[in-house]
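Worksheet: the structure to be examined is printed underneath.
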Amino acid sequence: MKKILDTLLFLLFLILLTACKKQASKESVKIAENKTDFSISAPAADSLPENFYAPTDFTPDSSDAVLVAKKNQPSSSGKIDYDLSRMNYNMISAVTFDMAMNPEKYLGKKVRISGLFFSLFDEEAKTRFYACIVYDSTACCQIGIDFIMSKNKTYPDDFPKEEAPIQITGTFTTQKVGDIEYNCLLCDEITLL
């Protein structure tokens, strides 16, 4: 009896396996017929933001083409050099990591980022630090940028509540607190989202 049951289960397994295979074959044919639906092509140059370009060695087949900032010069007027508010978490992480490792590339650049407002008072330095923090999709990891205000503002009166969604735009610079120099954005205003 057990042998018959084992044989029936094995046959049922084979039937299910071949049913899946036939369905996959139909899907394969469908994909093969419509393969142009899945092709990847380079974006048109006029559809890219003004301050980005595709590297010169970019080809439509390139699997890991990255948009790179166009110029490495201080920004002029109100132009945003790095708009992190339009990037996903992975790109924000990459750019902020590069800012930390190569700050000289970003000095004087205008940067925009959206995230949550956080502040911290450092008792030893007698200084309040402000940051715009961005979380990944699972909210387990975060990255952010410290910022200082260009105008004299009073905390908490002139600032949003902790963890309020904000957008800041500022000039990438360095600030010295005590003996420590760190990177931050020099901002004119905070926009509540």
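Quick notes on this one:
- Accessible carbon and sulfur surface of region 121-177 relative to its total accessible area, %, 1.4 Å: 45
- Note on region 139-193: Cα Rg divided by 2.2 N^0.38 Å, N the number of residues, gives 1.23.
- The residues of region 93-149 expose, per residue, 52 Å² of accessible area to a 1.4 Å probe.
- Pairs exceeding 19 Å between alpha-carbon atoms, taken from LYS79/LYS109; LYS105/LYS126; LYS126/LYS176; LYS109/LYS161; LYS79/LYS161: LYS105/LYS126; LYS109/LYS161; LYS79/LYS161.
- For ASP157, the shell of other residues with beta-carbons less than 15 Å away shows a net charge of +1, using +1 for Lys and Arg and -1 for Asp and Glu.
- Length gained when the stretch ALA100-TYR135 is fully extended (0.36 nm per residue, less Cα-Cα span): 10.8 nm
- Neighbourhood charge, 12 Å Cβ-Cβ cut-off, centred on CYS132 and excluding it, Lys, Arg +1 and Asp, Glu -1: -1
- Other residues within the sphere of radius under 13 Å centred on the Cβ of ASN183, judged by their own Cβ, net out at -1 (K and R +1, D and E -1).
The values are calculated or read from the model by the stated rules, or taken from the named source; none is laboratory data. This one's a predicted model, so the numbers in the text were calculated from it and none came from an experiment. No Cβ is skipped: glycine too gets one built from the backbone with ideal geometry, and neighbour counts run over all protein chains shown. Surface areas here come from the heavy atoms of the whole protein model, side chains and all, with no ligands, DNA or RNA. Shrake-Rupley method; radii C 1.70, N 1.55, O 1.52, S 1.80 Å.
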